[in-house]
Structures are given as structure tokens and as C-alpha cells.
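What follows is a single structure, written as C-alpha cells, with notes after it.
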Amino acid sequence: MHIGSTNHYSRNSIMLSATNLCCLRNEIQLFSNLSFSLEGGEILQVKGPNGSGKTSLLRLLCGLGAMESGEIRWQDQPVSATRFNYLREIIYIGHNQGVKNELTVTENLVFFDALSEQPSQRPIDEIIRLFELDSLDDCPLHKLSAGQKRRVALARLMLHKKKLWILDEPQTALDSKGLTLLEQLYQNHIKEQGMIIVATHHPIQLPATRIKTLTLGR
Amino acid sequence: MKKSAATAFSALVRRDLLLAYRYRAEIVNPLLYFVIIVSLYPLSVSSEPKVLATIASGVIWVAALLSALLSLDSMFRSDYEDGTLEQILMSPHPTAVLVLAKVTAHWITTGLPLVVIAPLLALSLHLDAAAFPALLLSLLIGTPALSLLGAIGIALTVGLRRGGLLLAILILPLYVPILVLSSTAIQLAAEKVPYSGPLLMLGALSVLALTLAPLATAAALRISLR
């Protein structure tokens, strides 16, 4: 049976669900009995004071952290059983952005393209131009400002078509133009029935978008 | 079209070689350390050619082992600190393949230079000319195993701030068979008797490390990143 590449997700099916997540760090309980679900076209905003476990939750969802108990399901399959199918569909930009200071903008993006299985959906130099990094594409990242580095990390969002974006404080260090660009990225992704989980304190202003909030540390 | 794991493997090797080229000190340091250890022996033990020739094989291999230990820390450290390691573990390609790419690049930048410079040092230690093939072969077969086994140890300790001593305690017992077999092979060659036995054993160890170490390293990295 042939399945179309983009539209085989029905509009209102629950794609990602987490039930009764519990996470410990250094013997301290960060959160427990945390449940949520996410459908195509929805944003989940994770809030909470510093140290309340936002980053731990996001890493857990990426399969990087250790879960005490609970279950994460992707398209009704436990993630632990379909690990690689799940990893194909998600992208994570964490606090440590995963970009190399010694490599240039282009080299960084070329490397991320190679780590994925899919071919990039548009040429890398076009992505660099969209993020207004074209005058810097041969610069090693340690010569760039924090905001420019953040743009390089965010440029990865455009490399491949991923269903679920998991972002940890993506606004950090961005200027107003960068913030507008990020909002546009959100908008396009949501329009294509993508999902975003983002840890941030900034209000997200997107018209006609369902935004769920999850507040940790209460 | 889907990209294969081989593409990711070669991209990772190329990236690590490029990083090593931009940070040349990381290649030069272990090599310099190797040269310094070997050149201290004639000064401290004896400058008598006969004495030097008998200890040459052991000296070169002990120096290779210590310099490998020194260079291991750089294998995953910077990727761990800037978050690239998380991205590597989240790649849909098998982690063991990507780990093997990292080990390969590490060996090319730290193991291979030792193989190249060792004959020169052996010459200065008056090693018997008949032992040179055994020296080169033992280094060519043995140093990849040093990188492969070391990767397991460094993957387990990468999350610790001061894992240096722990790494040595974890890894040195695994290095001992390599050290014993290699120096035995070189000594046998110097005495002009067949030396293929210990070299074949060494080869078997290396193949074992090649098949199992990437899997163990991948599992260790997952634990370290929790």
C-alpha cells in the first residue's frame, strides 16, 4: 500500500501522548503524574520556574533522559518500541544547541544534513540566506554573536521536514527580526499540521492556533 | 531517496578530521608525549645500545599506551559539551556506526601518527633491524584496539568532571593484553624466531574490539547522557 508523504496523518488524531511521566534528578522528584497529548497543528508551551524540570521533560521526550515511570506514545505506539521511527520524525534544539564553534555556518548545516536519513528539503545556501547568515557563511561560529549562533541552530528546523519540533528556550539571544522569523517558522509548521513543544516564558502569539500550556513546579 | 548510514559515517569522519586539522594541537600533543617518554629512557636507564635494544619494544609500547590514554579525553568531550553528542544519539542511524566513525577519526589523528614515527624512535633505541616489521605490524594492529577499547571508558566517564583517574583504572586492565602480546612479538622478532603467534592473537583481540566496542560505547553514551 502506498502512503502519501505528507497527508497520511488524519487531522484530529492524537500523535504524541504522555501518561503519568515521573522524573527524578539527583534523588529529587522534578515532576510526577504528568500527562498530556498533542495533535497535529498544536503547540505545547512548557512553563515553570528555573529548575522545575523543563529541560528534563524535553530531553525525556527526545529519548535522552531516564524516566522513573510513565509512558510516551507516538501514533499510538510506545516510543520505546518504535524508537527509530520516532527519531525520524522529531528534531530537538536544546539549550546546548549542538553547533560546533570551530566549524563554519555551512559546515555545521552540511553535517546535520548528513546525520539525517532524509535528503534536505531545500538547498543549504537558500536556508542560510533565509536566516540572513549569507554574509557569514564561511565564518567559524566562534566569531559569531550569540544571536547569530542561535540562528544557525534554528536553521536546522528548515533542513528536513520533521513532524515534531522540541525546542528549549529558542528565543534566547534573538533580536526582534529573529523573533519574527521564528514566529513565521512556527506558523508554517503549524499550517502543515506539525507539532511544537517549546519551553519558554515568552507568550506565543499565533492567530488561530491551539496552544496548550503545561506548567511545571507547582 | 533515503541516505544510508555510510553517508553519515563518512560525514562524521570527515567532520572530525576537519576539527582535528583546525585544532592541530590535539594531534601534536599526544605525539609529542610519545616522543618525550621514549627519549627519556636513554637518558635515565642507560645509553648502552645493548641495554636499549632489549627494552626498546616495551618502551615504545608503554609510551604508545600512555599517549593513547592522554588523547582519549578529546574523543567525546567537545561533542558532549556543545550538545552535538545528543544530536548524534538522536540520529535515526545506528549509534554504533556513528561511534565507530568517531573512533576511526580518533585513530587516524592519534594512532596513525604513532605508527609513522615509531620506526624513527626504534632506530634511536637501537632496536634490531629484524624486529622492525613486527614493530610496525603490532602498532598497526594494536593501536586501533587502543582507540576502540578506550572509547568505552571515555563514554562511561564523559559526564564526570574529573574522570581522568577513573578512566585509567577502567581502561588499563583492558590494555594489558595488547601490551603483552605486542612487546612479545617484537622481542621474538629481535631474537629472529617466528613471531606470528602473538601477532595473530593481537589481531583476534582487535577484531573482537572492533565488533563489540562500538555497541558497548553506544550503550555507555546513552547512560552518560541521562
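What is the sum of charges, Lys and Arg at +1 and Asp and Glu at -1, for the other residues whose Cβ falls under 12 Å from the Cβ of A:PHE36?
Values: positive: A:ARG73, A:LYS212; negative: A:GLU39, A:GLU42.
After counting each charged neighbour, the total is 0.
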Measure nothing but the geometry: give the 0 to 90° angle between the long axis through the Cα atoms of A:176-191 and the longest principal axis through the Cα atoms of chain A, rounded to 10°. 50
Regarding segment A:55-174, what are the three Cα extents along the principal axes, ordered largest first, in Å? 47, 27, 21
Taking a ≥ b ≥ c as the square roots of the Cα gyration tensor eigenvalues, with a/c under 1.5 meaning rounded and otherwise prolate when a/b beats b/c or oblate if not, chain B comes out prolate
Subtracting the Cα-Cα distance from 0.36 nm times the residue separation, let me have the gained length for A:ASP125 to A:ARG25 in nm, one decimal. 31.9 nm
For helix B:164-190, what angle does its Cα long axis make with the longest principal axis of chain B, in degrees from 0 to 90 and rounded to 10? 40
Could you give me D for segment A:156-218, from Stokes-Einstein at 4 °C and 1.567 mPa s, where the hydrodynamic radius is the Kirkwood radius over C-alpha pairs? Units µm² s⁻¹, please. 102
Would you be so kind as to identify which of B:PRO133, B:LEU165, B:ILE108 lies farthest towards the positive end of the dipole of segment B:3-224, taking Lys and Arg as +1 and Asp and Glu as -1 on Cβ and the Cα centre as origin? B:ILE108
For segment B:18-31, 3J(HN,Hα) per residue [Karplus equation, 6.51 cos²θ - 1.76 cosθ + 1.60, θ = phi - 60°, Hz, x = Gly/Pro]: 4, 5, 5, 5, 6, 10, 4, 4, 5, 7, 6, 4, x, 5
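Might you report the magnitude of the Cβ-based charge dipole of the protein assembly as shown about its Cα centre, with Lys and Arg at +1 and Asp and Glu at -1, to the nearest 20 debye?
Values: 38 positive and 32 negative charges, 152 e Å.
Using Cβ point charges on Lys, Arg, Asp and Glu, the protein assembly as shown gives about 720 debye.
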By a straight-distance test (C-alpha under 21 Å), which lysines pair with B:LYS192 as possible cross-link partners, with residues fewer than eight away in the same chain excluded? B:LYS50
So which lysines can A:LYS143 reach, going by Cα to Cα under 20 Å and dropping same-chain residues fewer than 8 places off? A:LYS100
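Pairs of Cα atoms under 8 Å, at least six residues apart: use those to get the relative contact order of chain A, whole percent.
Working: 358 pairs, mean separation 63.7, N = 218.
About 29 percent, as a whole number.
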Filtered hits (lysines, Cα-Cα < 29 Å from A:LYS191, offset >= 8 within chain) -> A:LYS47, A:LYS54, A:LYS149, A:LYS161, A:LYS162, A:LYS163, A:LYS177, A:LYS212, B:LYS2, B:LYS3
From the Cα trace of segment A:126-196, what convex hull volume per residue do you get, rounded to a whole Å³? 88
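Report the Rg/Rh value for segment A:35-88, based on alpha-carbon coordinates and the Kirkwood definition of Rh. Mind dumping the intermediate values first?
Values: Rg = 12.0 Å, Rh = 12.5 Å.
Looking at segment A:35-88, the ratio lands at 0.96.
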Identify which of B:GLY164, B:GLY142, B:GLY153 has the largest mean-square fluctuation in a Gaussian network model of chain B, with springs joining Cα atoms closer than 10 Å. B:GLY164
Tabulate in residue order the Karplus-calculated ³J(HN,Hα) for segment A:100-106, using 6.51 cos²θ - 1.76 cosθ + 1.60 with θ = phi - 60°, rounded to whole Hz; enter x for Gly and Pro. 9, 5, 7, 9, 7, 4, 4
Rounded, prolate or oblate: which one fits segment B:93-226, using the alpha carbon gyration tensor with axes a ≥ b ≥ c (rounded when a/c is under 1.5, else prolate when a/b beats b/c, else oblate)? prolate
From a point 7 Å beyond the Cα of B:SER124 in the direction of its Cβ, which residues of segment B:23-41 have a backbone N at a distance under 12 Å? B:32-41
Within 11 Å, Cβ to Cβ, of B:GLN87, how many net charges do the neighbouring residues add up to if Lys/Arg are +1 and Asp/Glu are -1? -1
Projected label distance in nm at B:SER46 and B:LEU32, using a 7 Å step from Cα toward the beta-carbon: 3.2
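Let a ≥ b ≥ c be the square roots of the eigenvalues of the Cα gyration tensor of the protein assembly as shown; is it rounded (a/c under 1.5), or, if not, prolate (a/b larger than b/c) or oblate?
On the way: a/c = 2.54, a/b = 2.23, b/c = 1.14.
Because a/c hits 1.5 or more and a/b exceeds b/c, the protein assembly as shown counts as prolate.
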Cα-based helix-to-principal-axis angle, A:146-155 vs chain A, degrees rounded to 10: 70
Debye-sum result for chain A in log10 I(q)/I(0), which assumes one identical scatterer on each alpha carbon, at q = 0.18 Å⁻¹: -1.42
Among A:ALA81, A:ALA199, A:ALA173, which one moves the most in a GNM of chain A with springs linking Cα atoms closer than 10 Å? A:ALA81
Amide H contacts under 5 Å for A:LYS212, placed H, 5+ residues apart: A:ILE43, A:LEU44, A:GLN45
How much accessible surface area, in Å² rounded to 10, belongs to the heavy atoms of A:ASP113 with a 1.4 Å probe? 30
Can you pull the accessible area of B:MET75 for me, 1.4 Å probe, Å² to the nearest 10? 10
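The values are calculated or read from the model by the stated rules, or taken from the named source; none is laboratory data. This is a predicted model, so every value here is computed, not measured. When we count neighbours, we look across all protein chains shown, and the Cβ atoms used for this are built from the backbone with ideal geometry, even at glycine. What goes into the accessible areas is simple: the full protein's heavy atoms, side chains included, and nothing from ligands, DNA or RNA. Shrake-Rupley method; radii C 1.70, N 1.55, O 1.52, S 1.80 Å.
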